[in-house]
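Okay, structure first, notes after.
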Amino acid sequence: MYKITRSPWVMHYDGSSCNGCDIEVLACLTPVYDAERFGIINTGDPMQADILLITGSINTQNAPVVKQIYSQMSDPKVVVAVGVCACTGGVFKDCYNILGGADQVIPVDVYVPGCAARPQAIIDGIVKGIGVFQERLEKLENGTLKQEEKEDTEEKKEED
Amino acid sequence: MAKRSVIPYGPQHPVLPEPIHLDLVLEDEKVVEAIPSIGFIHRGLEKLTEKRDFNQMAYVAERICGICSFGHGYGYCETVEHIMGIEVPARANYLRTIWFELSRLHSHLLWAGLMADAFGFENLFYQCWRVREKVLDCIELTTGGRVIFSVNKVGGVIKDITPEMQKAILDTMDYVEKETKILKKTFMNDYSVQSRMKGVGVLTKEQAHALGCAGPFARASGIATDMRMRGYAAYGELDMEPIISNDGDCYGRCEVRIGEIFQSIDLIRQAIGKIPEGEIAAVVKGNPDGEYFMRIEQPRGEADYYVRGNGTPNLDRMRVRTPTFANLAGLCETLKGADYADIGILVVTIDPCISCTER
Ligand code: SF4
């Protein structure tokens, strides 16, 4: 079995959040909660990131941006939706410009509820994400990851 | 003439906490023009008035922005209270002032951290955020939330600050004051910090006035504008003077904001010293009918609220003008002629809050 030997790097993208969840994501990495002491670094480069933290809901303007960032990340990759906005649309669900949660455009693995999500919950979400990452990594090793994704997309097409 | 090139900046960028897109026209290393394009965070929450009643809108208004959330909730509630002619109890006004200043404290410390991050001083960034956590602890103690307080409602507030909590706040203020003095030394006297900030992005008083800048950005250019002097909530009964600087550069803006941290600490002490006993909320009857416009001072500058009601629970219109919107023109002016390496600093220096601006 292949084990992760290093800390995951996270990337944070602010969808159309109100900033509440953003600053909580940053608070996870800075003193008091300090996930950085485990080597979890907030990187600005999607190609180096393992986990994408997405806050806020999806609107027409940022949907292509989110899709592009996701496609730039290398496999295996995990998406964590932080805050109810990113999960479902939250308070802004009924707004005319909101398409819904992050899962409208990219596959989401872990949902962290809360408005604003508390740093403890976000860290918990990241830890869950690492579990998913481990699984993906194993699948990538024995070559079943791509196949699974294909099945996923086929299923989606059928649904459509 | 050197060859011109256009560099896209954002929406996802390591220095930017929030998505804004700038098209930078460069001539060698110098910026000739900056064209902002926005809309990445537009949600259209003003139109939610059709689906939510005016009491629920107070919570939606808080979520215009998570950093200055208390101010938005307050601005909205106060506007509706004026339409309905509600007299808010004195204690509620004082409580609102205390929370408002706590949120300004955490916002300014957050800004100081982001600024340090923008000029590459990681350690200072972490120190600022460490101090900020203490302020958040106070907020959590009194309201239960860390960044979204949800204590405002039309007619007053829903939670009280007990004497024990007041003591805890005062203790924290002593700590924050002591720590900020140390931070101030680094921000104001450190050679490398000064070399990144002094003389960068100068905006003269005339320019700032002509472009309609607001808040600390305008105050750093020598314009003494501070809506708190209008005396809303309990500010009328507290001693304060707007803090200004005449440099007009990044250093001046930093000086103003750090000065305001001490000012907020002072205001909180004054407010806790004078807080009267009594009710914390007035009874609200009926629906708002009429319109009102009001201006308050957010951590980032002057914010304007306009509400029009029609006698039903659903408002006709709610409109907010936020400080960052006013400051974007000033930002584009300071970007002209700046070095490419200074863009990050200049953008952070207006303390942009894009989610307020686009709502
Ligand atoms: S979940 Fe709440 S705090 Fe987080 S971005 Fe949405 S509205 Fe803001």
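The values are calculated or read from the model by the stated rules, or taken from the named source; none is laboratory data. For clarity, every value in this text was computed on a predicted model and none was experimentally measured. Heads up, the Cβs are rebuilt from the backbone with ideal geometry, glycines too, and the neighbour counts pull from every protein chain shown. Heads up: the accessible areas ignore ligands, DNA and RNA and are worked out on the full protein's heavy atoms, side chains in. Shrake-Rupley method; radii C 1.70, N 1.55, O 1.52, S 1.80 Å.
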Problem set entry | Hits among lysines - C-alpha to C-alpha of A:LYS77 under 20 Å, sequence gap 8 or more where chains match | A:LYS3, A:LYS67, A:LYS128, A:LYS139, A:LYS146, A:LYS150, A:LYS156
For this session: Relative to the longest principal axis of the C-alpha atoms of chain B, give the angle of the C-alpha long axis of helix B:69-84, reported between 0 and 90° and rounded to the nearest 10°.
Result: 50 degrees
Exercise. Pairs B:LYS153/B:LYS274; B:LYS47/B:LYS285; B:LYS47/B:LYS274; B:LYS134/B:LYS198; B:LYS181/B:LYS205; B:LYS153/B:LYS178: which are spaced more than 32 Å apart, C-alpha to C-alpha?
Worked result: B:LYS47/B:LYS274; B:LYS153/B:LYS178
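Express the carbon and sulfur contribution to the solvent-accessible surface of the protein assembly as shown as a percent, rounded to the nearest whole number, probe 1.4 angstrom. Spell out each step's value before the answer.
Numbers: 10470 of 20400 Å².
With neighbouring chains kept in place, the figure for the protein assembly as shown is 51 percent.
Could you sort B:GLU133, B:GLU29 by their accessible area in this structure, using a 1.4 Å probe and putting the largest first? Intermediate values should be presented prior to the final figure.
Details: B:GLU133 5, B:GLU29 110 Å².
If we order B:GLU133, B:GLU29 from most to least accessible, we get B:GLU29, B:GLU133.
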Exercise. Cα extents of the stretch B:273-359 along the three principal axes, largest first, in whole Å?
Worked result: 57, 40, 16
Problem set entry | Solvent-accessible surface (1.4 angstrom probe) belonging to B:ASP23, in square angstrom, nearest 10 | 50 Å²
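What is the ratio of the Cα radius of gyration of the protein assembly as shown to 2.2 N^0.38 Å, where N is its residue count, to two decimals? Write down the numbers at each step before the final one.
Working: Rg = 23.1 Å, N = 519, 2.2 N^0.38 = 23.7 Å.
Taking the Cα Rg and dividing by 2.2 N^0.38 Å, one obtains 0.98.
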Seminar exercise, completed: The answer for the stretch B:44-358, accessible area per residue at 1.4 Å probe in Å², is 34 Å²
For this session: Mind computing the radius of gyration and Dmax over the alpha-carbon atoms of the stretch A:9-159? Å is fine for both.
Result: 15.1, 47
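In whole percent, what relative contact order does chain B give with Cα contacts below 8 Å and a gap of six or more residues?
25 percent
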Exercise. Over the Cα atoms of the stretch B:44-358, what Rg and Dmax result, in angstrom?
Worked result: 19.3, 60
Seminar exercise, completed: Counting only protein heavy atoms and leaving out ligands, DNA and RNA, the solvent-accessible surface of B:LYS336 at a 1.4 Å probe, in Å² to the nearest 10, equals 110 Å²
Exercise. Once the whole set of protein chains is in place, how much accessible area is left on A:LYS128, using a 1.4 Å probe, in Å² to the nearest 10?
Worked result: 120 Å²
Problem set entry | Over the stretch B:140-252, relative contact order from alpha-carbon pairs under 8 Å, at least 6 apart, % | 22 percent
Seminar exercise, completed: For B:LYS181 and B:ILE7, extending 7 Å from Cα along the Cα-Cβ vector and measuring point to point gives, in nm, a value of 4.2 nm
For this session: Evaluate E = 1/(1 + (r/R0)^6) for B:SER195 and B:TYR306, where r is the Cβ-Cβ distance and R0 equals 56 Å; express this FRET efficiency to the nearest 0.05.
Result: 0.80
Exercise. Once you charge only the Cβ atoms, +1 for Lys and Arg and -1 for Asp and Glu, what is the size of the charge dipole of the protein assembly as shown about its Cα centre, to the nearest 20 debye?
Worked result: 580 debye
For this session: Two decimals is fine: what is log10 I(q)/I(0) at q = 0.14 Å⁻¹ for the stretch B:123-193, from a Debye sum with one equal scatterer on every Cα and no solvent?
Result: -0.56
Seminar exercise, completed: Interface residues of the stretch B:42-78, defined as losing at least 10 Å² of accessible area versus the chain alone with a 1.4 Å probe, are B:HIS42, B:ARG43, B:GLY44, B:LEU45, B:LYS47, B:LEU48, B:LYS51, B:ARG52, B:VAL60, B:ARG63, B:GLY66, B:ILE67
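Using heavy-atom solvent-accessible surface (probe 1.4 Å) with all chains present, what is the largest-first order of B:HIS106, B:HIS82, B:HIS42? Before the final figure, lay out each step's value.
Values: B:HIS106 0, B:HIS82 85, B:HIS42 55 Å².
Per-residue accessible area, sorted high to low, gives B:HIS82, B:HIS42, B:HIS106.
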Seminar exercise, completed: Per-residue accessible area, 1.4 Å probe, largest first, puts A:TRP9, B:TRP111 in the order A:TRP9, B:TRP111
Problem set entry | Projected-area average for the stretch B:131-261 over all orientations - Cα convex hull basis, square nanometres | 9.9 nm²
